[in-house]
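K.L.:
To start, I am sharing the structure in question, which I have written as structure tokens.
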Amino acid sequence: MSAEPDRLQAHAHRGTPPGIARPTPQAQTEPRWIERPANKGLLLGFLGVALFAATLPMTRLAVGTVDAPLMSGVFVAMGRAVVAAALSLLFLLATRAPLPQRRDFWPLAITSAGVVFGFPLFSSVAMRYVEAVHASVIVGVLPLATAAVGALLHRQRPSSGFWACAALGSALVVAFAVLRSGSAGLGVHPADLLLLAAMLCAAIGYAYGARLSQHMRAEHVICWALVIALPITLPMAFTARPQMPLPASAWWGFVYTAVFSMWIGFFAWYRGLALGGTVRVSQVQLVQPFMSMLFAVPLLGERLDAVTLGFAVAVIATVFMGKKMPVHANAHRPERN
């Protein structure tokens, strides 16, 4: 008897006709470059940064200037947290999110202190006194701060080449600030200290949120951080609420910071940090100052010139160079949650 029927039956069982090569797993799924967690992390991190980039210009729209004040910085910071917390409650119920474990309470509290209280409060108060472009260049120190906090928290050892790229990118941002300052110099304004404090708070909140995202859904991390802060943010927002009519632009700025800066942006950002690593993905933030300036052009009338674009290209180059540098884990000190 011929063996051909048996061979046909075997191929049929495997789901592939004879004479036709079985497709490889790579051909049935996404391209290989997007399958790698590190690359997915970078893409999600970039999406989060793109959403965060409009935060400073939108905050400036909401708080106004010294000559034309609008919302108070306290209301913008606490009010956006209240709106995002309400959205978070609905999301947690819709996804049937489990309650955080007891071991996650303090990391969640630290995350909340950094990204729900510290960064929004310091930056919102500062934005009444400095222009969005000036504040944007201060953001240039955030990737280095996030990488440093992430390396300490996750017990990682970035290579000297990685730190060189991170330092080069930060130095480019500082050099850009010097060139844009003109003959008056950078100057030291109390608002600059508030912005630096905001950057430190953000770095700590990012690092702890990324750590939680290793065993919690990234979306749930920011949601729980907002919910546990609600007993404080709600009365503060109510006390600082506006007492006079405000232009629609101020409310649009407030809504953006509440929905995108305080909520949706963190969905992508924490997932990206968890997939690609806090130290490496944090360097994507080097492009945030220049993206903020791009948003500031139509929103605040800022001018975008060749110097700005040139520095943007140089900073982006350091991000990709840093991506290629090794980041080592300390195997002898396992991380504990």
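K.L.:
Mind grabbing the base-10 log of I(q)/I(0) for segment 165-320 at q = 0.10, 0.13 Å⁻¹? Debye formula, identical points on the C-alpha positions, no solvent, two decimal places.
P.N.:
Computed log10 I(q)/I(0) values: -0.49, -0.83.
K.L.:
Taking a virtual spin label 7 Å from the Cα of LEU87 along the C-beta vector, which residues in segment 34-60 bring their backbone nitrogen under 16 Å of it?
P.N.:
Under 16 Å, as judged by backbone N against the label point of LEU87, lie 47-56, 58-59 of segment 34-60.
K.L.:
What's the percent breakdown of Cα-Cα distances in segment 68-205 across 10 Å bins, shortest bin first?
P.N.:
The distribution over segment 68-205 is 11, 31, 32, 20, 6, 1, given as percents.
K.L.:
For TYR208, TYR270, give the ranking by accessible area with the largest first, probe 1.4 Å.
P.N.:
Highest to lowest solvent-accessible surface, that is TYR208, TYR270.
K.L.:
Take the alpha-carbon centre of segment 51-84, take the same for segment 251-266, and report the distance between them in whole Å.
P.N.:
10
K.L.:
Please work out how much length the chain gains when fully extended from GLN101 to HIS328, using 0.36 nm per residue of separation minus the C-alpha to C-alpha distance, in nm with one decimal.
P.N.:
78.8 nm
K.L.:
A follow-up question, please. Could you state how much accessible area GLU302 has, in square angstrom rounded to the nearest 10, with a 1.4 Å probe and all protein chains kept in place?
P.N.:
So the heavy atoms of GLU302 present about 40 Å² to solvent.
K.L.:
Among ILE204, ILE232, what's the order by accessible area (1.4 angstrom probe), most exposed first?
P.N.:
ILE232, ILE204
K.L.:
Take the Cβ-Cβ distance between HIS215 and ASP67 as r, set R0 to 45 Å, and report the resulting FRET efficiency rounded to the nearest 0.05.
P.N.:
Calculated transfer efficiency: 0.35.
K.L.:
What is the gain in length, in nm to one decimal, between ASP305 and LEU179 on full extension, counting 0.36 nm per residue of separation less the C-alpha to C-alpha distance?
P.N.:
44.1 nm
K.L.:
Here's another thing I want to ask about it. Assuming 0.36 nm per residue, please report the length gained on full extension of the stretch ALA38 to LEU234 beyond their Cα-Cα distance.
P.N.:
Residue separation times 0.36 nm, minus the Cα-Cα distance, leaves 66.8 nm.
K.L.:
With +1 on each Lys and Arg Cβ and -1 on each Asp and Glu Cβ, and nothing else charged, work out how big the dipole of segment 131-290 is about its Cα centre, in Debye to the nearest 20.
P.N.:
Dipole of segment 131-290, to the nearest 20 debye: 420 debye.
The values are calculated or read from the model by the stated rules, or taken from the named source; none is laboratory data. Small disclaimer: the values here were computed from a predicted structure and weren't measured. Methodologically, a virtual Cβ is constructed for each residue, glycine included, from the backbone with ideal geometry; neighbour enumeration extends over all protein chains shown. For accessibility, only protein heavy atoms count, side chains too; no ligands or nucleic acids. Shrake-Rupley method; radii C 1.70, N 1.55, O 1.52, S 1.80 Å.
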